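Reviewing the structure listed below.
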Amino acid sequence: MPRSLVSFLSRATAAAAVASLAACGSPAKVDTGPKVDTGPKGPQPEDITLAYDAVELPGTYFVPEGLDRPGLLLVRPKKTTTIAKQRTAFAKAKPDFKVVEAEVLATLLWEAAGSEADDAKRLGMRQEARKALEDARATSPDAVDVVLLHNLACLAYVLGDEAGAAEALAAAVAQFPDDAGTTERRGYLAYYLVRAGKNAEALAAIDGVKPTPEAPEVAYAVAWTLWRAGRLDEGRAALLAAAKGWRSKSSLPALFRDVAIFAARTDASVDEIQALAAEIAKFNEKDLGGIGNATLKALNDIYPAFKFAGRFKDGNAVIDRMFEIKKDIAPVDVPRLRLNQAENAKKLGDPAALVGYVKQATAALDACGAACSAADRDETAKLIFNYARFANYLYGTALDERWYEAARDLYAAYLAMPDRADAAAVKGEADALEATHKAAPAGAGRHDKDAIRYVLEPYAAQVLSCYDRTLQATPTLEGALSLTLEVDVSGRVTGASSDPAAGDAGVAKVAACAIAKAKSWAFPMRTRPGTTRITATYALKPAAK
């Protein structure tokens, strides 16, 4: 029996004994008629204040990695020539012809570098090609054309100079806005600017650009630019367009990472998540035996992102969608999926759902038969036992009947599993739970600091998600955030405030997001009337690179 209950019963017993002794020795009193009892009746209200030490939340500043550079525009000589002869032609060219001769030389050097095995020689050729273009740009500015600027950007990128690539693309877009390749250049320009943290410039670069599957690289750049600007719905739509038209299998891992990030951290609906997964699945459809299997795998691989974003309810919805897509999921995978849902239900403070998912997991384990190993069964049993103890602890402090019922059913589920060496000890815990339940005095349940800490901890992932989202626009943002919640006897958050107060920028913007999420947090019911005030503090700081 929890200490709080023991002390309560001890005080109640002592009070009864004192009353009995007083009754034996008291003289008879004259009956003056009925009196109105104005004293307090039942359990008295008790407001509780719980404050917790700061939890460190290392934020992640995400950087896109799905693109590299636009293709080089090849300019071939009218007559067959050599690199040596073209060097001479470039050196002797007059200003009006300097640009075209540089473009031809850069093309020859580029192609030769592509077949050169020696790293040093290959690097030297690319450096020479870039220098020829730069020299022509400097000596013949009036003759500069879009090809020179485009190829200069490509070479700068290949040589590791993204800033130089962005400068050349910006010049090409500004000087030749009506060129057929301008939209592509605007996309790559925005991509380089986003990678450099120049978000306002990136947004200007793609202003008016419509993302389409026909230009997936541009759509990808638009998606990231809009996310950095906080335009989340538009960003997701742009990423979906990019995924629909994606052509590069080598960059698929980067695209998949971004799909998971956008799905979990930009409030995508389950329908949007499934649509993104289906586009990714097309790359593996043949290898995995059909689009159903491939989509299932994509959703399964996206799912962990929901854990880190604190989207427990949506995580369960994603798993439900997996079962809808493919009803004959491999038996060995079903217990794992149901236990993931059980874990989410626990974090959501839903004891009935927790028990329901555990029962589904054990039934799936039975149906799995020999395909599920002894290790699988032991791991499942361990989780169920931990859930039972967790429910028991919450009941023992708050006296929430829902958690009593969950603990009772979870102990029963554990004891129903065969070959449990500790069955007798666990049966003892289950019996102790029943004894506590029978002896629990009315109105003694309260919110215990340690018990509430266990409930509060998983929700930090939601605060971190708010911080991550804000960090994309301000990558050096850090500071302390305190949330103060008022929780009623039903465990519902009835009020939420923050320090700093909610606002539109910086930590205040994180606070606004966190308050919105905290209003849906669930805590155990308490049987003693009153309000519980919970203050949780978070230390926000970008993760070390």
Of (1) farther than 29 Å from Asp145 by Cα; (2) of a type outside the set (Gly, Ala, Ser); (3) buried (at least 22 other Cβ atoms within 10 Å of the Cβ), Lys244 satisfies all except one. Which? (3)
Tell me, which helices (runs of 4 or more DSSP H) lie completely within the range 160-225 with 1 or more residues that are in contact (Cβ under 8 Å) with a residue 12 or more places away in the chain and closer than 24 Å to Thr470 by Cα? 182-195, 199-205
Look through the range 357-374, keep the residues that are out of contact with any helix residue (DSSP H, G or I) (no Cβ under 8 Å at 6 or more places or on another chain) and outside any loop (DSSP other than H, G, I, E, B), and return whichever of them is surrounded by the fewest Cβ atoms within 10 Å (Cβ to Cβ). Ala370
Scan of the range 339-386 for residues that are more than 28 Å from the chain's Cα centre (by Cα) and of a type in the set (S, T, N, Q), ordered by number: Thr362, Ser373
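Can you confirm whether Thr82 is at pLDDT 95 or above, out of contact with any strand residue (DSSP E or B) (no Cβ under 8 Å at 6 or more places or on another chain) and surrounded by 13 or more Cβ atoms within 10 Å (Cβ to Cβ)? Explain how you work it out, then say what you get.
Numbers: at pLDDT 95 or above: yes; out of contact with any strand residue (DSSP E or B) (no Cβ under 8 Å at 6 or more places or on another chain): yes; surrounded by 13 or more Cβ atoms within 10 Å (Cβ to Cβ): no.
No: the conditions fail for Thr82.
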Can you confirm whether the range 302-309 contains a residue that is farther than 25 Å from Asp68 by Cβ, among the small types (Gly, Ala, Ser) and out of contact with any helix residue (DSSP H, G or I) (no Cβ under 9 Å at 6 or more places or on another chain)? no
Please list, ordered by first then second residue, the pairs with beta carbon atoms under 7 Å, 6 or more apart or interchain, first in the range 237-258 and within 14 Å of Gln274 (Cα to Cα), second basic (Lys, Arg) and surrounded by 22 or more Cβ atoms within 10 Å (Cβ to Cβ). none
Quick check on Gly114: is it within 19 Å of Tyr192 (Cβ to Cβ) and small (Gly, Ala, Ser)? no
Which condition breaks for Asp96 when tested against (1) of a type in the set (Asp, Glu); (2) at pLDDT 95 or above; (3) exposed (fewer than 12 other Cβ atoms within 10 Å of the Cβ)? (2)
Any hit, the range 230-237, residues being at pLDDT below 95, within 18 Å of the chain's Cα centre (by Cα) and crowded, with 23+ Cβ neighbours inside 10 Å: yes
When the residues of the range 489-545 are filtered to those that are more than 23 Å from the chain's Cα centre (by Cα) and basic (Lys, Arg), which remaining residue is surrounded by the fewest Cβ atoms within 10 Å (Cβ to Cβ)? Arg492
Within the range 66-77, does at least one residue satisfy the condition of being outside any helix (DSSP H, G or I), at pLDDT 95 or above, hydrophobic (A, V, I, L, M, F, W, C) and closer than 30 Å to Ala543 by Cβ? yes
For residues that are closer than 22 Å to Lys438 by Cα and at pLDDT below 95, tally how many sit in the range 398-423. 0
Looking at (1) part of a helix (DSSP H, G or I); (2) without any contact (Cβ under 8 Å) to a residue 40 or more places away in the chain, which one does Pro418 not meet, given that it meets all the others? (1)
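Yes/no matrix, rows are residues, columns are (1) under 26 Å from Lys282 (Cβ atoms); (2) hydroxyl-bearing (Ser, Thr, Tyr):
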| position | (1), (2) |
| --- | --- |
| Ala163 | no, no |
| Ala171 | no, no |
| Gly187 | yes, no |
| Leu203 | no, no |
| Thr212 | yes, yes |
| Val222 | yes, no |
| Glu234 | yes, no |
| Ser251 | yes, yes |
| Ile261 | yes, no |
Can you go through Ala413, Ala432 and tell me which one is touching a residue at least 40 places away in the same chain (Cβ under 8 Å), in a helix (DSSP H, G or I) and out of contact with any helix residue (DSSP H, G or I) (no Cβ under 8 Å at 6 or more places or on another chain)? Ala432
Wholly inside the range 272-347, helices (runs of 4 or more DSSP H) that include 2 or more residues that are among the acidic types (Asp, Glu) are 312-325
Name the pairs whose Cβ atoms lie under 6 Å apart, with the first residue in the range 475-487 and more than 28 Å from Ala398 (Cα to Cα), the second of a type in the set (Ser, Thr, Tyr), and 6 or more positions between them or separate chains? Pro475/Tyr61
Kindly indicate whether Ala168 is within 22 Å of Tyr192 (Cβ to Cβ) and buried (at least 21 other Cβ atoms within 10 Å of the Cβ). yes
Answer yes or no as to whether Ala229 is of a type outside the set (Phe, Trp, Tyr) and closer than 21 Å to Ala473 by Cβ. yes
Those residues of the range 301-318 which are touching a Leu at 6+ places or on another chain (Cβ under 8 Å) and under 22 Å from Lys282 (Cβ atoms), in sequence order: Ile302, Val318
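The values are calculated or read from the model by the stated rules, or taken from the named source; none is laboratory data. Everything numeric here is computed off the predicted structure, so don't read it as measured data. Cβ coordinates were reconstructed from backbone atoms using ideal geometry, including for glycine residues, and neighbour counts include every protein chain displayed.
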